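Asks: Got a structure here, written out as structure tokens. Questions coming.
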Amino acid sequence: MVLRAIMSFLGGIFSMLTLGLGMAALTLGAIFYMYGRNLPTYDALASYQPKTISRIYSAEGQIIDEFATERRLFTPIEEIPDVVVHAFVSAEDKDFFVHDGYSVMAILSAVRDIITSRGETVRGGSTITQQVAKNLLLDGSRSIERKVQEIILAPRLEETLGKEGVLEIYLNEIFLGQNSFGVTAAARTYFNKTLNELTPGEAAYLASVTRRPSDMHPVRNHDIAVFRRNNTLREMFENGYIDEQTYENEIAQPL
């Protein structure tokens, strides 16, 4: 009799859990269906054409002047050095090469922030792929709806473009302060160098600018700029992109 009562009680709990999981799955499916309707097309990214600098040259081939609404020098992903890619991945999305466009742990962390702030904080949790979706396909607003749409679009983008295609758009579109869009323009603006001439520390600095460009000026905000550069170098070391000797040498360098 007691055993039967225990089994009945456990069966009831199992039924409730099963029903709850079923309802949660249906609710989640309904949310994704509702927010997934009428999303912007992502196939257009396959023929991505960013705004670039227009240059006027003299008859001798010297640059006379440049005009641009966004100062950008487009660089194909195969011409972007690994040290630059590794710096940005380490600073922004260390699991980029293994996730499917979104990070479950980062999403859970973002949900926690939403709950603890009672909906006032809707940020964080975005992978590089989600940032591409937000900046190029959505309106860039911070809302729960936009976050869900990012998660829907991110796997589609990776399926269409692949990891390298997503990185190519991201590294050419990202705003890095001083009217510099993309890593190539930023390398020239901050260091007067090509991408191939950047040191790991210089690449780490550029990657550190992404989140708060206005607070990372190398002169006005020198101390915080060095601090964040060194944090990115540490991430690069811990992710296996640079060895310990390179890490120690680069954090000792002046900015």
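Asks: Being modelled with pLDDT under 80 and loosely packed, with under 13 Cβ neighbours inside 10 Å is the filter here; which residues of the range 84-108 pass it?
Replies: Correct list: VAL104, MET105, LEU108.
Asks: While we're here: Of the residues VAL209, VAL219, VAL148, only one is touching a helix residue (DSSP H, G or I) at 6+ places or on another chain (Cβ under 6 Å) and not charged (D, E, K, R); which?
Replies: Every option except VAL148 fails the conditions.
Asks: Here are the criteria: (1) touching a Pro at 6+ places or on another chain (Cβ under 6 Å); (2) farther than 27 Å from ASP95 by Cβ. Tell me which single one THR194 does not satisfy.
Replies: Here THR194 meets the rest and fails (1).
Asks: Of the conditions (1) touching a residue at least 12 places away in the same chain (Cβ under 8 Å); (2) not in a helix (DSSP H, G or I), ALA185 fails just one. Which one is it?
Replies: (2)
Asks: Could you go through the range 157-164 and let me know if any residue there is closer than 16 Å to HIS86 by Cα, open to solvent by 70 Å² or more (accessible area, probe 1.4 Å) and in contact (Cβ under 8 Å) with a residue 12 or more places away in the chain.
Replies: Yes, the range 157-164 has at least one match.
Asks: Going through ILE169, ILE242 one at a time, which residue ends up being in contact (Cβ under 8 Å) with a residue 12 or more places away in the chain, in a helix (DSSP H, G or I) and within 13 Å of VAL85 (Cα to Cα)?
Replies: ILE169
Asks: Does at least one position in the range 173-182 carry a residue that is part of a helix (DSSP H, G or I) and modelled with pLDDT under 95?
Replies: Yes: the range 173-182 contains one or more residues that are part of a helix (DSSP H, G or I) and modelled with pLDDT under 95.
Asks: Can I ask one more? From the residues in the range 188-228 that are basic (Lys, Arg) and over 17 Å from the mean Cα position of the chain (by Cα), which one is least open to solvent (accessible area, probe 1.4 Å)?
Replies: The residue in question is LYS193.
Asks: Residue by residue through the range 191-224, note down the ones that are small (Gly, Ala, Ser), at pLDDT 95 or above and under 15 Å from SER180 (Cβ atoms).
Replies: Of everything in the range 191-224, those that are small (Gly, Ala, Ser), at pLDDT 95 or above and under 15 Å from SER180 (Cβ atoms) turn out to be ALA203, ALA207, SER208.
Asks: Take PHE227 and tell me if it is among the hydrophobic types (A, V, I, L, M, F, W, C) and free of Cβ contacts under 8 Å to residues at least 24 places away in the same chain.
Replies: yes
The values are calculated or read from the model by the stated rules, or taken from the named source; none is laboratory data. Just so you know, these numbers come straight off a predicted model, no measurement behind them. Cβ atoms come from the backbone with ideal geometry, glycine included; neighbour counts cover every protein chain shown. With ligands, DNA and RNA removed, areas are computed over all heavy atoms of the protein, side chains included. Shrake-Rupley method; radii C 1.70, N 1.55, O 1.52, S 1.80 Å.
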